[in-house]
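Novice: Take a look at this one; I'll ask things after.
The values are calculated or read from the model by the stated rules, or taken from the named source; none is laboratory data. Computed from a prediction, not measured in an experiment: that's the story for all the values here. FYI the Cβ positions are ideal-geometry reconstructions off the backbone, even for glycines, and counts take in every protein chain you see.
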Amino acid sequence: MTFTTSAIDPRYTVTGSNYPLSAKQSDLVALAERMKAVEGRLARIEAVVTKGRPKAAAAHATPRLEGFAVQVGAFRDEETLRQARAKLAAAGIAHYTERLDGSAGGLTRLRAGPFSPREAAERVRAALERISLHGQVVPLP
């Protein structure tokens, strides 16, 4: 393993046990290893969530809002929204959110889509029933 940090000394690269490490340096090396493991897990999770979607969608690009969408719900509670999004992602259904701020507080609208033609949106609406979500097909501007 190679580890370089200015916290240790920018002039040295630490490799394995070739260089005696202080307790603080050992902690930094262990922390770097844990961070690398977490980053690997996050990359695998992202790969599962974005599986089958084009790279632009994986980069959270705003979809073109044309055609039709399936409105899954409007949520105040972030945890409920997260659960609904997780179900859509697990089913491989493309979706997006829109934040609505009003006098009664903020809502986040969750929609699957966009789809063209309407029949595609209707098929997705039917698929939502199988994952215990309900939706309504709505036209997009």
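Novice: Just the residues that are surrounded by 13 or more Cβ atoms within 10 Å (Cβ to Cβ) and in a loop (DSSP other than H, G, I, E, B), please, taken from the range 124-141.
Specialist: Scanning the range 124-141 gives L133, G135, L140.
Novice: While we're here: Tell me yes or no: at least one residue of the range 83-98 is exposed (fewer than 12 other Cβ atoms within 10 Å of the Cβ), among the charged types (D, E, K, R) and within 30 Å of R44 (Cβ to Cβ).
Specialist: no
Novice: If you don't mind, there's one more thing I want to ask. Looking at this structure, is E66 of a type in the set (D, E), farther than 12 Å from V49 by Cβ and at pLDDT 90 or above?
Specialist: no
Novice: Follow-up. I'm trying to understand the selection: among the residues of the range 118-141, which are farther than 19 Å from T80 by Cα, hydrophobic (A, V, I, L, M, F, W, C) and touching a residue at least 60 places away in the same chain (Cβ under 8 Å)?
Specialist: Listed by number, the residues that qualify are V137, V138, L140.
Novice: Quick one: how many residues across the range 79-117 are of a type in the set (D, E, K, R) and free of Cβ contacts under 8 Å to residues at least 12 places away in the same chain?
Specialist: So the count comes out to 4.
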